[in-house]
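Just so it is clear, none of the values below were taken in a lab; they were calculated from the coordinates. Small disclaimer: the values here were computed from a predicted structure and weren't measured. Here the Cβ is made from the backbone with ideal geometry for all residues, glycine too, and neighbour counts use every protein chain on show.
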Amino acid sequence: MTAEQTAAATTAGILTRADGATIAYERCGGKNPGVVFLHGLRSDMTGGKALAVEAWCRRHGHACLRLDVRGHGRSSGRFEDGSIGLWAADVVAALDALTEGPQVLVGSSMGGWLMLLAALERPRRVAGLLGLAAAPDFTEDLIHQRFSPEQKRALLVAGQVMIDEDEGLPPLPVTRLLIEDGRQQMLLRDRINIACPVRLIHGQRDASVPWETALRLAEQLASDDVEVTLVKSGGHRLSEPADLARMETALERLLQTVDPE
């Protein structure tokens, strides 16, 4: 069977974790390196960038996996019960159970943090990283540090604070678990022992995650093969046609640097 024929088959399934959580995924077959797409906070595997990545993989015969971490999309659980550590563990479990051989992880926003944590856990499986407005450490740097004294007290007492977002979404429930677990997963304070090729794309008009985050991340990564692309007109979503084309080009070039075996 050719790579193109293999890639034509898509499987939608459920991965059951040891704690009973169910992780929804969609997977298409193809050649290695495979590609795994990791969505952002309160997003899911049906977003425009996720579907564009899968479509590119189909056209070029690469295997592709998309998944919803717990509390998102079609996976089980409440968002309020999730944390960066739990979501990263979902990614590693999916990597172990649903992929074979070297994989390139594509992470959007929070997914960019999860891809880094997964690469640290599975350095022999993760062959490359592509971050799209990657947001490591956002729970501390972009949420808790901006809380007022009253919000910080409410988080300790009530265990949850609701904050408004500017994207037409319902208020975001920020839990004490999310903040305290996030502190255990922070990466930007020290050297990040990831040696694989890394590509980072970040919009300079990103109102959610400052573009300087990409530069901080590039500086902390151990890998010497790190490239940062700053898009002067780009916002946080990076979902315009030009953004998707830029993402596809970066993915193609990254895959060319990775050993398929």
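Below is a table of values for the structure above.
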| quantity | calculated |
| --- | --- |
| Considering only the chain, percent of DSSP beta bridges that pair antiparallel, nearest 5 | 35 percent |
| Sorted largest first, extent of segment 108-169 alpha carbons per principal axis (Å) | 44, 26, 16 |
| For segment 47-94, the Rg and Dmax computed from alpha carbons only, in angstrom | 12.9, 38 |
| Principal axis dimensions, segment 1-156 - Cα atoms, whole angstrom, descending | 61, 29, 29 |
| Segment 153-234: radius of gyration and largest Cα-Cα distance (Dmax), Å | 16.2, 45 |
| The chain - Cys residues lacking any other Cys C-beta under 4.7 Å | Cys28, Cys196 |
| Unit Cα scatterers, Debye sum, the chain: log10 I(q)/I(0) for q = 0.13 Å⁻¹ | -0.79 |
| Normalised per residue, the volume of the convex hull around the Cα set of segment 99-238 (Å³) | 120 Å³ |
| For segment 13-70: rounded, prolate or oblate by the Cα gyration tensor [a/c cutoff 1.5] | oblate |
